[in-house]
Amino acid sequence: MKLIKLSIAALLLAFPSAAWAQYEGPRVDWPLPRMTNVVGVTYADADANAAFTVLNRVEPEVEIESNVFILSYTRSQPIFDRTVHWQLQMPIGNVDTDSNLPIPAGRSFRDGVGDLTFGATVNLIGAPDLPVREALRYDLDTTVGLGISVTAPTGTYESDEVLNLGSNQWSARVSVPIIKSLGDWVPGRRMTLEVKPSVRFFGNNSNSFGETIEQDPLLALEAHLTRDLTKDAFISLDYNLIEGGDQTFTDSSTGMLVEERDGPGAQSLGFTFGYTVNENLSLFVGHHQTIAESSNPFELRGSLTTVRLTWSWHPVLQRRSDFQD
Amino acid sequence: MAFSRKYSGLIRIVRLAIGSSALTVATIASAQQTDERPNFVLIVADDLGFSDLGSFGGEINTPNLDRLAQEGVRYTNFYVGASCSPTRSMLMTGNDNHRVGMGNMYEMTAPNQLNQQGYEGILRRDFPTIAELLKSAGYRTYMTGKWHLGHEPDYIPRARGFDRDFSLLNAAGSHFTLTGSRIENEKSEFTRDGQYTRKLPKNYYSTRTFTDEMIGFLDADRDKDSPFLAYLAYQAPHDPLQVPDDWLRRYKGKFDYGWDRLRNRRLARMKQMGLVSEGAELSPRLWFVPEFDDMTKASRVTAVRKMEIYASVVEYLDWQIGRMIEYLEQSGQLDNTIILFISDNGPEGNDPIPGAKRQPNLESSSFFYNNYETHFNAWGRDYGFVAYGAPWAQVSATPFKSYKGAVYEGGIRSPLIVWQPGKKQAGELNQQALLHVMDIAPTMLDLAGVDHSSMQGLSWAEMLSGRQLSPRGEDDIIAMQMFGAMMVRRGDWKAVMMPEPIGEGRWELFNLARDPGETNDLAAQHPERLETLMAAWDEYAKANNVILPNRTPYDGLADRLPPKPPVVSPGWPRGQETNWIDRSGNEIEE
């Protein structure tokens, strides 16, 4: 039943594993068949004025190189007859800077694990629970979902370091992924416009160089225009906007205001190329660059290159495939 | 070729001038006619099954044809050829296909039939068409749709009597583009008013465009006094099954209970409607078709999509026929028009794609993957190729056995609806009349007052006026041969010899009144009756120059199909009622 394999593989092709703080990538919210499992590893190489995994401390004029692997596990498990994607992810890697510009004291290299994120995205409109038989005949037209994720301060963190992989703050994110199919839902011909507004709420980082960092909600808008190149490959033009997230630094012991900073507002443009290697394995390569630099010294600036591999399987289809082999 | 094209018009005029006696008589007869002679609208569907229409027991939404049936008469014993162009040749000429050049399909001519008279693969010019005869009698003649009776200038619709035409000359092709349907015809050929063309009208979709064109022809000549023949030969629902996108998912989930239950359901409805006898049983599911419930859920989904698309294609066809009727009604022409609706043969159970996939190295296979997409999600779209295959063809042929190509009833029994002005005999169901497609031409000629004595078909004029139940008496037969398969029917009895593996490879005998599904072979119980029928077939063969082919599509077929089980599967609920399950697994109330 090659037909079934192809259909599922095509759906799985785009499943997420990467999740930069505010950026997830194209085709990550396409509805998956019930009981689909996806394990992913993303290598992210970022050159920016902030560590890849932490957005609460943007450092003007500092170039930080992040080399991070993000491990993720996703499962499609429905609730109330709606498609729900459950996801767990954890970054692991290092951040480094060779900058000789004056930065707060500390080491210029850190490694360890980042904060653990757990989340779920439930589809509200357009994609009911999809057992395999329904997933096969599912034609995506328009879907609207609601995503909620919580990031716990479990990552490696030292309060007297500028470079950290953990953020030392709780955060929660609410997103509304919207997908509109612009063409026939046929592998090789699919075209989608994907928009995902989101807002992330931050708890305080109670200890950063003896200061407490309060951060306003960070608004983000992620947009992708994706198009199949072949049945097994697609390209996406990506746009990302972040706004808000202004920070207030106060002395942790006295409560005195130390500093107020504008948030890391930025826009970035980029592309993603995805390729289905086989019915289980998919590869994604992307590059993104911030644009439209403003006078805000704390604006996020830099570039991000990602290479992602995902391994996906569905118990029923896998058994069938094994049997046929 | 160039000479032939250049002088084709002249040749045609000369031939018409010195033509057959029938033509001469027709011309004389026309002088005596008045303008009150009826118009004829002859509508032919391509590969539609016997029970697909609502008025024949189907669940597909066909309100316009059902209305025709409600206001007209349905005939349940109407026979057509087992495949396309043989039927069309008989429809056009009123004579047996073995006489008129279509003893076999052009594409399937056997070595021993090559260069034999009657097996030319085109419609011979010495047999006048209904269009030529009616034209000579003063009729206007129009055709849109599939022709498939010859490509050369002397054999295209314009050369065979149609004043105006927009015709597909090939057997099939894309319903949206010029892409052909097989390697033999990579690009479809059309003619418009006798001129070859490969320019398709804007927004071409065969079913819609053929209707538009016919309405256009009729409307352009609306003020003319003379009656007309409108031959509307739709290409639907021939494969590739294609339909405009907004119709693609119209039947999503409607057939989730599968082919077995769908056949049961149709049979139950047919019994309820009086289309078959209470004791009628379904023909057994073909041995190579799995029991639907035995398939995995995922496989069922892909399987039912084929039927979903087929149903959409059929409903779209019905909608366009409705447009045609509406035009006639609004233009005031319906009151003097007789409408006939038929299919050209049984439903198509052969699907070329699995075979092509098994042999991707062949040019004939590469044709498909170079010209069409066969992915499940592409099915039904303007670039997709799908045929619905044997399982669903058996549904379309309910309750009959087999499908197109075979001379079991599933291949040769067609729905027939006749609508007459004044809604004569409205709503009647005629199960007594034994009718043949070659009766249609003489019937039209008879009703137009034109001589039809050169035709083998029998006029239905008396039957349509209500003075007779059937044009055939107890001793009259209907007989056929196609691809080496033979059948002959007299009254309720039918003798049939279907080659293996589809058939038994020997003569069988059935009583169709009691056993329309041809499930109980009575050859052993009634050997004399079988002998008599076989003798009748021999006479038919001799009279019509039947040359049994020495090569047929059945050769080697047994090697490509799984072996037949020794007994009918006990899991097959032949004719019995079962619960119907919807998408959620709930039972469906009848």
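The values are calculated or read from the model by the stated rules, or taken from the named source; none is laboratory data. Keep in mind that this is a model prediction, so the values were computed, not measured. Note: ideal-geometry Cβ built from the backbone for every residue, glycine included; neighbour counts use all protein chains shown.
Quick check on A:S72: is it among the hydroxyl-bearing types (S, T, Y), over 17 Å from A:S303 (Cβ atoms) and modelled with pLDDT under 75?
On the way: among the hydroxyl-bearing types (S, T, Y): yes; over 17 Å from A:S303 (Cβ atoms): yes; modelled with pLDDT under 75: no.
No; evaluated as a whole, the condition is false for this residue.
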* Structure fact -> Residue set B:L548, B:L469; condition under 24 Å from B:L275 (Cα atoms), surrounded by fewer than 18 Cβ atoms within 10 Å (Cβ to Cβ) and touching a residue at least 12 places away in the same chain (Cβ under 8 Å); output residue B:L469
* To do: Could you please give the count of residues in the stretch A:227-251 that are modelled with pLDDT of 95 or more and touching a Pro at 6+ places or on another chain (Cβ under 7 Å)?
  => 3
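With the condition being of a type in the set (D, E), I'd like the strands (runs of 3 or more DSSP E) fully within the stretch B:130-239 carrying at least 1 qualifying residues. Steps first, please.
Values: elements: B:140-146, B:164-168, B:179-182, B:185-187, B:190-192, B:195-197, B:228-233.
Fully inside the stretch B:130-239 and qualifying: B:164-168, B:185-187.
Just a yes or no: is a residue in the stretch A:254-261 crowded, with 20+ Cβ neighbours inside 10 Å and either more than 14 Å from chain B (Cβ to nearest Cβ) or of a type outside the set (F, W, Y) (or both)?
To start, the set of residues in the stretch A:254-261 that are crowded, with 20+ Cβ neighbours inside 10 Å comprises none.
No, every residue in the stretch A:254-261 fails to be crowded, with 20+ Cβ neighbours inside 10 Å and either more than 14 Å from chain B (Cβ to nearest Cβ) or of a type outside the set (F, W, Y) (or both).
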* **The lone exception for B:S396 - which of (1) of a type in the set (S, T, Y); (2) surrounded by 20 or more Cβ atoms within 10 Å (Cβ to Cβ); (3) in contact with a helix residue (DSSP H, G or I) (Cβ under 7 Å, 6 or more places away or on another chain) it fails** => (3)
* To do: Quick one: in the stretch B:301-336, of everything that is within 11 Å of another protein chain (Cβ to nearest Cβ) and among the hydrophobic types (A, V, I, L, M, F, W, C), which residue is surrounded by the fewest Cβ atoms within 10 Å (Cβ to Cβ)?
  => B:A303
* For the stretch B:279-300, does any single residue satisfy the condition of being acidic (D, E), within 14 Å of chain A (Cβ to nearest Cβ) and surrounded by fewer than 23 Cβ atoms within 10 Å (Cβ to Cβ)? -> yes
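Using the structure shown, decide if B:R67 is of a type in the set (K, R) and either more than 17 Å from the chain's Cα centre (by Cα) or under 27 Å from B:R192 (Cα atoms) (or both). Steps first, please.
Values: of a type in the set (K, R): yes; either more than 17 Å from the chain's Cα centre (by Cα) or under 27 Å from B:R192 (Cα atoms) (or both): yes.
So B:R67 passes the test.
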* Taking B:L340, is it in a helix (DSSP H, G or I) and touching a residue at least 12 places away in the same chain (Cβ under 8 Å)? -> no
* Structure fact -> Of the residues in the stretch B:252-278, those that are among the hydroxyl-bearing types (S, T, Y) and either crowded, with 19+ Cβ neighbours inside 10 Å or more than 17 Å from B:D515 (Cβ to Cβ) (or both) number 1
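Considering the stretch A:118-143 alone, what residues qualify as being charged (D, E, K, R) and facing chain B (nearest Cβ under 9 Å)?
Filtering the stretch A:118-143 down to residues charged (D, E, K, R) leaves A:129, A:133-134, A:137, A:139, A:141.
Answer for the stretch A:118-143, where residues must be charged (D, E, K, R) and facing chain B (nearest Cβ under 9 Å): A:R133, A:E134, A:R137, A:D139.
Would you mention how many residues in the stretch B:461-482 are within 22 Å of the chain's Cα centre (by Cα) and outside any loop (DSSP other than H, G, I, E, B)? Show your work before the answer.
Narrowing the stretch B:461-482 to residues within 22 Å of the chain's Cα centre (by Cα): B:464, B:470-472, B:477-482.
Still in the list and also outside any loop (DSSP other than H, G, I, E, B): B:464, B:477-482.
Here the count works out to 7.
Being at pLDDT below 90, hydrophobic (A, V, I, L, M, F, W, C) and over 23 Å from A:E222 (Cβ atoms) narrows it down to one residue among A:A105, A:A127; which is it?
Values: A:A127 fails: over 23 Å from A:E222 (Cβ atoms).
Within the list A:A105, A:A127, the selection yields A:A105.
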* To do: Output the qualifying pairs, or none if there are none: Cβ atoms under 7 angstrom, residues six or more apart or on different chains, first residue in the stretch A:248-271 and touching a residue at least 60 places away in the same chain (Cβ under 8 Å), second residue assigned to a loop (DSSP other than H, G, I, E, B) and surrounded by 19 or more Cβ atoms within 10 Å (Cβ to Cβ).
  => A:R261/A:F298; A:P264/A:A50; A:P264/A:L55; A:P264/A:V58; A:P264/A:G245; A:P264/A:F298; A:P264/A:E299; A:P264/A:L300
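State the number of residues belonging to the stretch B:274-300 that are within 30 Å of A:R137 (Cβ to Cβ) and of a type in the set (A, V, I, L, M).
First, the residues of the stretch B:274-300 that are within 30 Å of A:R137 (Cβ to Cβ): B:282-300.
Next cut, of a type in the set (A, V, I, L, M) only: B:282, B:286, B:289, B:295, B:298.
Adding up the residues that qualify gives 5.
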* Being touching a strand residue (DSSP E or B) at 6+ places or on another chain (Cβ under 8 Å) and of a type in the set (D, E, K, R) is the filter; apply it to the stretch B:337-375 and report the residue that is nearest to the other protein chains (Cβ to nearest Cβ). => B:E373
* Out of all the residues in the stretch B:476-486, is one or more at pLDDT below 95, surrounded by fewer than 20 Cβ atoms within 10 Å (Cβ to Cβ) and either on the phi > 0 side of the Ramachandran plot or of a type outside the set (A, V, I, L, M) (or both)? -> no
* For B:V418: the one exception among (1) hydrophobic (A, V, I, L, M, F, W, C); (2) closer than 28 Å to B:E71 by Cα; (3) within 14 Å of chain A (Cβ to nearest Cβ) -> (3)
* Restricting the first residue to the stretch B:237-249 and requiring it to be over 20 Å from B:S51 (Cα atoms) and away from every other protein chain (no Cβ under 14 Å), which pairs with a second residue that is of a type outside the set (S, T, N, Q) and crowded, with 24+ Cβ neighbours inside 10 Å meet a Cβ separation below 6 Å and a spacing of at least six or different chains? -> B:P240/B:F385
* Go over the candidates A:N278, A:N296 one by one and state the one that is surrounded by 15 or more Cβ atoms within 10 Å (Cβ to Cβ), more than 14 Å from every other protein chain (Cβ to nearest Cβ), touching a residue at least 24 places away in the same chain (Cβ under 8 Å) and not charged (D, E, K, R). => A:N296
* Structure fact -> With the first residue restricted to the stretch A:223-239 and required to be closer than 18 Å to A:D184 by Cβ, and the second required to be β-branched (V, I, T) and assigned to a loop (DSSP other than H, G, I, E, B), Cβ contacts under 9 Å at 6 or more apart or on different chains are A:D228/A:V186; A:K231/A:V186; A:D232/A:V277
* Meets criteria (crowded, with 18+ Cβ neighbours inside 10 Å and among the hydrophobic types (A, V, I, L, M, F, W, C)) for A:F271 -> no
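Just checking: which of the strands (runs of 3 or more DSSP E) contained wholly in the stretch A:151-238 hold 1 or more residues that are within 14 Å of chain B (Cβ to nearest Cβ)?
Per the criteria, A:178-181, A:191-202, A:218-228.
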* Asked: Just a yes or no: is a residue in the stretch A:246-269 among the basic types (K, R) and under 21 Å from the mean Cα position of the chain (by Cα)?
  -> no
